1. List every residue pair whose Cβ atoms sit under 8 Å apart, with the two residues 6 or more apart in sequence or on different chains, where the first one lies in the range 146-166 and is outside any helix (DSSP H, G or I) and the second, anywhere, is at pLDDT below 90 and not small (Gly, Ala, Ser).
2. Restricting to the range 81-110, count the residues that are over 26 Å from Val127 (Cβ atoms) and either assigned to a helix (DSSP H, G or I) or touching a strand residue (DSSP E or B) at 6+ places or on another chain (Cβ under 6 Å) (or both).
3. Which residues, taken from the range 76-106, are more than 25 Å from the chain's Cα centre (by Cα) and open to solvent by less than 40 Å² (accessible area, probe 1.4 Å)?
4. Which number in (1) in a helix (DSSP H, G or I); (2) surrounded by 13 or more Cβ atoms within 10 Å (Cβ to Cβ); (3) touching a residue at least 12 places away in the same chain (Cβ under 8 Å) marks the one condition that Ala141 misses?
5. Look through Gly37, Gly14 and report the one residue that is under 26 Å from Tyr149 (Cα atoms), open to solvent by less than 30 Å² (accessible area, probe 1.4 Å), among the small types (Gly, Ala, Ser) and touching a residue at least 24 places away in the same chain (Cβ under 8 Å).
6. Just one of (1) open to solvent by 80 Å² or more (accessible area, probe 1.4 Å); (2) within 18 Å of Arg30 (Cβ to Cβ); (3) part of a helix (DSSP H, G or I) trips up Thr122, so point out which.
7. Would you please list the contacts, defined by Cβ atoms under 9 Å and residues six or more apart or on different chains, that run from a residue in the range 105-121 that is free of Cβ contacts under 8 Å to residues at least 40 places away in the same chain and over 15 Å from Arg81 (Cβ atoms) to a residue that is open to solvent by 90 Å² or more (accessible area, probe 1.4 Å) and among the hydroxyl-bearing types (Ser, Thr, Tyr)?
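The values are calculated or read from the model by the stated rules, or taken from the named source; none is laboratory data. Fair warning: this is a prediction, and the values are worked out from it, not measured in the lab. Cβ atoms come from the backbone with ideal geometry, glycine included; neighbour counts cover every protein chain shown. Areas reflect the complete protein model, heavy atoms only, side chains present, ligands, DNA and RNA absent. Shrake-Rupley method; radii C 1.70, N 1.55, O 1.52, S 1.80 Å.
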Amino acid sequence: MLGSDEAVGRSRGGLTTKIHLASDGSRRPRAVLITPGQWGDAPQLITVLDRIRVPRPAGGRPRTRPDYVFGDKAYSSRRNRQYLRRRQIQHTIPERRDQRANRRRRGSGGGRPTAFDRARYTRRNEVERCINALKESRAGATRYDKRAYVFHGTVTLAELRLWLRP
């Protein structure tokens, strides 16, 4: 029997774990969240963004608002877009086909199409490269650890290795 605090959940491939993260352009994680495998990506975006802390060079309170957010279609939801707009965070997230069809079906009441910058969207792969760099750690890629707090420690150690890399 798996506990709810173990971050292991049923997915198509069996028992899995997801690592949600925000990273900078240099393959370094800024915020990490570990969830069970059946949890979706879109609901975790706000939690991950709230965990970002970027220290200021001159000292003081760390920055908590990223300059820009890139995401794939999994993060396209009304809730996420409202959150980003409210915090004045610029973003490039493509609209899913069903959302686009629903908006068009509503006519003028459906609102404007979302802004999408194709040139900036090419930078979306920076997060994927960060995840691949984290998975260079074999224990992080295969999840040998049974306990969630031990697995989180393994991921944190892999993060530290990325930050200390020249």
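1. Short answer, once both residue conditions are applied: Lys146/Glu6; Arg147/Glu6.
2. Step one: of the range 81-110, the residues over 26 Å from Val127 (Cβ atoms) are 101-110.
Filter once more, so that each one left must be either assigned to a helix (DSSP H, G or I) or touching a strand residue (DSSP E or B) at 6+ places or on another chain (Cβ under 6 Å) (or both): 101-105, 107-110.
Total meeting the criteria: 9.
3. Within the range 76-106, the first condition is being more than 25 Å from the chain's Cα centre (by Cα), and the residues that meet it are 101-106.
Correct list: Arg103 only.
4. (3)
5. On the way: Gly14 fails: touching a residue at least 24 places away in the same chain (Cβ under 8 Å).
Going through Gly37, Gly14 in turn, the sole match is Gly37.
6. For Thr122, the failing item is (2).
7. Pairs that qualify, where the first residue is free of Cβ contacts under 8 Å to residues at least 40 places away in the same chain and over 15 Å from Arg81 (Cβ atoms) and the partner is open to solvent by 90 Å² or more (accessible area, probe 1.4 Å) and among the hydroxyl-bearing types (Ser, Thr, Tyr): there are none.
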